[in-house]
Amino acid sequence: MQEPTPNTGLRYRSLFWPVILIGIGLVWLLVNLNIFTAANIAVLDRIWPIFLIIVGLDLLFGRQSSQLGALIGIGAVALIVVLMLVGPSLGLAPNVEIRSEHFEEALEDARSAHVTLNASVGSMTVATLEDSRNLIEADINYVGEITFDVSGEQEKTITLGQTGTVSFSQGPFSTLFGWMGATSALRWDIGLSPDVPLDLTVNGSVGDSQIDLQGLQLTSLVYRGGVGSVHLTLAATEASYNVEINGSVGEFTLVIPDNAAIAARIEGGVGGFIIDVPDNAAVRLSSSGGLGGIAVPASFTRISGGDDNTGTWETAAYSSAERRITIDYNGGVGGLTVR
């Protein structure tokens with residue numbers, strides 16, 4: 001019997017896709033370094049069919065040798081980066097208009113307010129107004145449309161936020177990269193009055209957030225996370241109030257000031273969660289689930305639970321304290337640090 005002849009032909013694995021992934025990382029880096037702006041990203045809306053042509057070339061020729069696949073990938077990345085760089089000057093970028101607008105509502109006869117902030121793309125700051133007769137002031141750099149709805153006289157209801165979906169264009173690649181090219185230019189700077197009690201709801205943005213609520217008369221707070229790091233400082237009020245936090249994608253730092261009395265329910269997100277509590281405060285922490293360990297100060301005593309991620313800790317004299325901080329934490333992806 002004749003032995004079968006072994007197949008001695010070489011089969012090449014194309015390097016096209018690894019090079020393309022490197023190219024995507026390069027574009028992402030250029031966006032983060034603010035070398036590519038929203039206009040550069042928007043060029044992709046016009047030139048994205050080139051990518052289909054390049055994939056076809058790889059299917060036809062790139063599988064014949066790894067070197068040829070790599071050359072096709074390198075040429076594709078170089079061509080797209082060059083077109084993104086020169087495209088705005090050649091008129092290839094669709095019109096991307098970043099608008100700036102000021103919003104405000106006078107305090108007038110208001111005795112309380114329900115405020116909802118629906119931030120979208122861009123960094124966000126929230127702070128307490130000083131020497132102002134307005135209930136809310138906001139300066140926003142945005143793309144798309146903003147709604148600012150106000151109702152009521154003595155009990156005000158205010159909603160400020162983005163309408164619809166933010167997009168710089170309709171192309172598939174602009175949808176992927178568009179928000180990255182805009183976050184450096186888009187901002188939400190919001191001030192709130194300390195003169196009336198506030199129920200506050202904040203729906204987080206795509207971008208870093210600095211939220212300092214010290215001085216406000218908070219009666220409740222709901223924060224629903226976005227994408228980016230968050231630094232949230234609560235208010236110390238005469239009465240205890242409830243706080244609800246759904247963690248974001250990114251590191252979250254929660255600062256509880258001196259003399260605060262709160263009951264907080266926290267759903268961990270993706271990233272580390274840090275809680276700063278005042279020295280000598282009466283604190284009770286209950287934690288369950290999550291990926292990542294829990295670190296608490298030496299002044300905390302475990303009163304229940306047997307593993308690293310589940311249990312209850314208390315500080316001395318919590319049960320008899322008049323002003324307490326109660327934290328119910330349901331872990332996410334990342335560790336919890338109390339300090």
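The values are calculated or read from the model by the stated rules, or taken from the named source; none is laboratory data. These numbers come from a predicted model, not from an experiment. All Cβ positions, even for glycine, are placed from backbone atoms using ideal geometry, and neighbour counts span all protein chains on display.
Restricting 291, 285 to those that are modelled with pLDDT of 95 or more and not polar (S, T, N, Q) reduces the list to 285.
If you go through the range 282-315 and keep only what is surrounded by fewer than 20 Cβ atoms within 10 Å (Cβ to Cβ), of a type in the set (A, V, I, L, M) and touching a residue at least 24 places away in the same chain (Cβ under 8 Å), you end up with 291, 295.
Matching residues to (1) in a loop (DSSP other than H, G, I, E, B); (2) touching a helix residue (DSSP H, G or I) at 6+ places or on another chain (Cβ under 6 Å); (3) within 30 Å of residue 121 (Cα to Cα):
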{"residue": "232", "(1), (2), (3)": "no, no, yes"}
{"residue": "280", "(1), (2), (3)": "yes, no, no"}
{"residue": "287", "(1), (2), (3)": "no, no, no"}
{"residue": "299", "(1), (2), (3)": "yes, no, no"}
{"residue": "309", "(1), (2), (3)": "yes, no, no"}
{"residue": "312", "(1), (2), (3)": "no, no, no"}
{"residue": "317", "(1), (2), (3)": "yes, no, no"}
{"residue": "328", "(1), (2), (3)": "no, no, yes"}
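Could you check the range 118-167 and list, in sequence order, the residues that are of a type in the set (Lys, Arg) and part of a strand (DSSP E or B)?
Across the range 118-167, the qualifying residue is only 156.
For the range 234-247, the tally of residues that are over 14 Å from residue 329 (Cα atoms), in contact (Cβ under 8 Å) with a residue 12 or more places away in the chain and outside any strand (DSSP E or B) stands at 6. For the range 144-197, enumerate the residues that are aliphatic (A, V, I, L, M), at pLDDT below 95 and surrounded by fewer than 20 Cβ atoms within 10 Å (Cβ to Cβ). Of everything in the range 144-197, those that are aliphatic (A, V, I, L, M), at pLDDT below 95 and surrounded by fewer than 20 Cβ atoms within 10 Å (Cβ to Cβ) turn out to be 146, 166, 176, 180, 185.
Based on what the data block shows, is residue 264 in a strand (DSSP E or B) and either modelled with pLDDT under 95 or under 23 Å from the mean Cα position of the chain (by Cα) (or both)? When the stated conditions are applied, residue 264 passes them.
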